[in-house]
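Written out below as structure tokens is the structure these notes cover.
We did not get these values from a lab; they are worked out from the coordinates using the rules stated. It should be emphasised that the depicted structure is a prediction, and the values quoted were computed from it without experimental measurement. Glycine gets a Cβ as well: all are built from the backbone with ideal geometry, and neighbour counts include every protein chain shown.
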Amino acid sequence: MSAFFIVHRQNITNPEKLKLYRDGIGETIAKFGGNVLVRADGFEVLEGDWQSGQRGDDSEPERVTVIEFPDMAALHSWYNSPDYASLKAIRQESAVSDAIAVESGRTP
């Protein structure tokens, strides 16, 4: 059952450092069977206080990213891996964001 890592980036505190994350993240995702499904600055807010970002404009940095993994075990293996550890630290030090992991729907 597929699992999804979903990030809502709200603010960038260190744009130069965050570029290191951007440059290294793809390789780690692929190594664990992941695939980026959505990486969008512009989005339509239907409910809540989210603000749609502007591509390339750090003054309006909000972004939503959705990464699919084969299953929750693969997602956790990636998230807790040494491969991702230094990049995760860069993301956490360089941006304010929320992240969740969710499995695809189950039948009763």
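Computed about its Cα centre, the charge dipole of the chain is approximately 340 debye, with only Lys, Arg, Asp and Glu carrying charge at their Cβ.
Rounded to the nearest Hz, the phi-derived 3J(HN,Hα) couplings of segment 36-50 under the Karplus curve 6.51 cos²θ - 1.76 cosθ + 1.60 (θ = phi - 60°) are 6, 8, 9, 9, 10, 7, x, 8, 9, 8, 9, 8, x, 10, 5, where x marks glycine and proline.
Label sites at Met1 and Asp41, each approximated as a point 7 angstrom past Cα along Cα to Cβ, lie 3.7 nm apart.
Grab the DSSP H runs of the chain that are 4 residues or longer, score each as -39,500 (n - 2.57), total them, divide by all residues and round the 222 nm result to the nearest 500 deg cm²/dmol. Mind showing how you got there, number by number?
Values: 3 runs with 38 residues, N = 108.
The helix-only estimate for the chain comes to -11000 deg cm²/dmol at 222 nm.
With a simple spin-label model that places each label point 7 Å from the Cα along the Cα-to-Cβ direction, the separation between Gln10 and Asp98 comes to 0.7 nm.
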